[in-house]
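Q: Structure below; questions to follow.
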Amino acid sequence: MAPITGGELLLKTLQLEHVDVIFGVLDGSYNAWLARLDAYGIRYICPRHEAAAAHMAEAYARMRGRPAVVFGGIGPGAANMLSGVVSAWVEGVPLIVLSGQRRRNIIYPPRGDNFQTAPLLDLYKPVTKWQAGLRDLRRLPELMRKAFRMARAPRQGPVYIEIPEDLMRGTIEAEAITDLWPPEWYRVSHWGPGQPQALRQAARMLMEANRPTLHAGAGVLWAEAWEDFLALGEYLGATYTTSLTARGVVPENHPRYFHPLNRDALERMREEADVALVVGSRLGELDGWGRPPMWSMDTATIQIDADPEAIGLNRPVEVAIVGDVRAALQALLAEVQALGGPKSPPDMSAYDALTASWQEELAQAKTFGGSGVNPGAMVEAVRRAFPPEAILVQDGGNTSLWFASYAPILRPKTYLYSAHFGFLGTGLPYAIGAKFARPGQEVVLVTGDGAFGFHMQELETAKRHHLKITVVVASDAGWGMERSSQLLAQVGKWVETEHAPTDYAALARAFGWVGVHAASLDELHQALAHAKASDQPTLIQVPIDPQANLAPPGALTFASMVYRAEE
């Protein structure tokens with residue numbers, strides 16, 4: 001058998017893991033594997049910036065429910081990619097992060113003043129679960145196995161391997177490769193449901209509860225357990241909440257679902273709940289740490305998670321179930337059914353009245369303003385224009401708050417946002433990654449003009465790959481959330497919040513997109529209809545009312561969650 005290059009050996013390891021796409025900006029160190037892509041059925045996507053490549057891979061992983069691969073070039077390419085990888089680290093998304101590195105004979109011991117050389121392992125250590133530098137080509141399959149194992153279990157996240165250019169181009173005799181193993185030979189893909197005694201105790205608590213409530217985190221999405229989560233809740237007649245990342249696990253038009261920004265109703269419901277089941281969530285900062293005022297400490301808590309370190313992290317629990325989320329929910333439903341039931345839902349009238357009051361506030365807020373389109377009305381128009389299964393991507397500061405209030409998420413895995421990191425600029429790369437992952441679904445991005453400026457060059461990537469995406473840019477020529485912040489802080493004048501007027505629609509046309517302006521709601525409705533009917537990517541620039549944008553609904557709620565004084 002003929003020798004193969006290190007690059008081809010890398011492709012062999014990726015093919016065994018069912019990888020079908022690699023994201024990354026071109027680099028000469030890639031050539032050994034670029035030459036063999038077709039033989040392994042792997043597609044290569046080259047964005048215009050390495051951080052955007054990482055964001056695309058993150059979205060791809062979130063849509064597909066498995067690790068995605070991103071490749072950075074030697075030195076500057078890997079350094080650029082770092083700022084995208086940190087998003088996956090914070091969001092808990094499994095990425096296989098690879099990069100080139102200079103030749104082994106010059107990186108160690110370092111010789112000083114090497115071209116395009118940096119301590120990449122040290123750079124990636126704080127934002128990846130595991131890091132390794134390949135130094136012997138025979139060990140590449142072993143390192144890749146560990147990379148996939150570490151990325152998947154149990155707290156998911158990115159891992160990093162650097163591959164020196166001499167190894168990428170170097171060759172190895174095919175018969176010397178003896179450990180190319182498929183995933184089922186070396187790692188567990190599904191854990192069991194957890195401890196039987198804990199499941200039985202949880203079932204008794206839930207069946208004896210007068211007002212049980214269920215809370216879903218992102219772990220429910222990764223386990224693809226939304227049907228099981230809903231089935232258990234319906235049998236118990238329970239109320240529902242989700243983390244921001246897990247929006248869509250419960251359709252947000254469900255009569256017993258409580259939106260994260262519907263605070264008065266949500267807090268009263270949790271104050272009256274006697275048992276809470278928390279599934280696939282660590283109850284972080286935007287969940288109020290699982291403590292007052294968002295949660296009552298009198299509510300008995302059951303927690304299900306695949307990661308034992310997540311149990312009781314921020315809130316004490318009466319019952320802990322460590323296991324596969326989907327298997328645990330299925331086993332718990334069987335235990336509940338064995339005890340009787342199904343149970344009747346609670347009286348929702350008091351909560352419904354509070355929800356109606358919140359919805360009236362939203363209705364009032366979307367009518368405010370005079371100069372430009374009200375941002376709430378804009379978001380509502382976008383939501384109504386696309387079907388429930390459309391993938392909705394949000395980006396920006398105040399734009400994200402408007403989106404959260406006026407765009408209900410009705411299906412699982414139809415929502416993308418940097419919910420934990422609040423990373424501006426992820427929107428367009430997320431939308432592109434989502435479209436690669438789900439080419440048959442509509443993908444719609446709503447972004448502010450400030451956030452859009454981070455990666456607007458990726459319009460070219462979408463056009464080059466014939467991706468039909470709709471982008472709505474809420475344009476008020478400035479940093480909207482920073483205006484709000486400076487106003488509340490009584491800075492006295494705007495400090496660097498203003499942008500020069502920019503024609504984003506013309507910019508989109510320059511990249512080959514359909515680019516249009518929608519200066520009124522009527523024009524927006526028409527533009528959205530044309531975007532849906534078109535086979536081309538479309539960008540719609542909407543001049544929003546800057547005064548209305550100073551005070552989006554939920555702004556004070558968000559501020560109270562994030563900026564409250566520590567107790």
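Q: For region 184-208, what are the residues that are at pLDDT 95 or above and in contact with a Gly (Cβ under 7 Å, 6 or more places away or on another chain)?
A: Listed by number, the list holds a single entry, M207.
Q: Would you confirm whether any residue within region 490-509 is at pLDDT below 95, under 27 Å from the mean Cα position of the chain (by Cα) and not hydrophobic (A, V, I, L, M, F, W, C)? Before the answer, list the steps.
A: Going through region 490-509, the residues at pLDDT below 95 turn out to be 490-501.
If we keep only those that are under 27 Å from the mean Cα position of the chain (by Cα) too, we end up with none.
No: region 490-509 contains no residue that is at pLDDT below 95, under 27 Å from the mean Cα position of the chain (by Cα) and not hydrophobic (A, V, I, L, M, F, W, C).
Q: I'm checking my understanding of the structure. Among residues of region 281-317 that are surrounded by 18 or more Cβ atoms within 10 Å (Cβ to Cβ) and among the basic types (K, R), which one is nearest to T245 (Cα to Cα)?
A: Checking each candidate, the answer is R282.
Q: Identify all residues within region 135-164 that are buried (at least 21 other Cβ atoms within 10 Å of the Cβ) and either more than 23 Å from G65 (Cα to Cα) or not assigned by TED's automatic domain parsing to the domain that holds M56 (or both); write none if there are none.
A: L137, L140, E162, I163, P164
Q: So, V278, is that one closer than 24 Å to F421 by Cα, outside the structural domain of A88 (by TED's automatic domain parsing) and either in a loop (DSSP other than H, G, I, E, B) or among the charged types (D, E, K, R) (or both) or not?
A: no
Q: How many residues are assigned to a helix (DSSP H, G or I) and either of a type in the set (V, I, T) or out of contact with any strand residue (DSSP E or B) (no Cβ under 9 Å at 6 or more places or on another chain) (or both) when one looks only at region 431-455?
A: From region 431-455, those assigned to a helix (DSSP H, G or I) are 431-437, 449-452; that's our starting set.
Add one more test, that the residue is either of a type in the set (V, I, T) or out of contact with any strand residue (DSSP E or B) (no Cβ under 9 Å at 6 or more places or on another chain) (or both), and what stays is 432.
Of the residues in that region, 1 qualify.
Q: Which number in (1) in a helix (DSSP H, G or I); (2) modelled with pLDDT under 95; (3) surrounded by fewer than 24 Cβ atoms within 10 Å (Cβ to Cβ); (4) of a type outside the set (S, T, N, Q) marks the one condition that M168 misses?
A: Among (1) in a helix (DSSP H, G or I); (2) modelled with pLDDT under 95; (3) surrounded by fewer than 24 Cβ atoms within 10 Å (Cβ to Cβ); (4) of a type outside the set (S, T, N, Q), M168 violates only (3).
Q: Picking from G480, G433, G448, G425, which residue would you name as being at positive phi and either buried (at least 24 other Cβ atoms within 10 Å of the Cβ) or among the aromatic types (F, W, Y) (or both)? Give the steps one after another, and end with the answer.
A: Details: G480 fails: at positive phi; G433 fails: at positive phi; G448 fails: at positive phi.
Going through G480, G433, G448, G425 in turn, just one is at positive phi and either buried (at least 24 other Cβ atoms within 10 Å of the Cβ) or among the aromatic types (F, W, Y) (or both): G425.
Q: Residue by residue through region 416-430, note down the ones that are in a helix (DSSP H, G or I) and either touching a Phe, Trp or Tyr at 6+ places or on another chain (Cβ under 6 Å) or under 20 Å from W222 (Cα atoms) (or both). Quick ask: steps written out before the conclusion?
A: To start, the set of residues in region 416-430 that are in a helix (DSSP H, G or I) comprises 427-430.
If the condition is that a residue be in a helix (DSSP H, G or I) and either touching a Phe, Trp or Tyr at 6+ places or on another chain (Cβ under 6 Å) or under 20 Å from W222 (Cα atoms) (or both), then Y430 is the only one that fits.
The values are calculated or read from the model by the stated rules, or taken from the named source; none is laboratory data. Given the structure is predicted, the values throughout are model-derived calculations rather than measurements. Please note: Cβ atoms are built from the backbone with ideal geometry, for glycine as well, and neighbour counts cover all protein chains shown.
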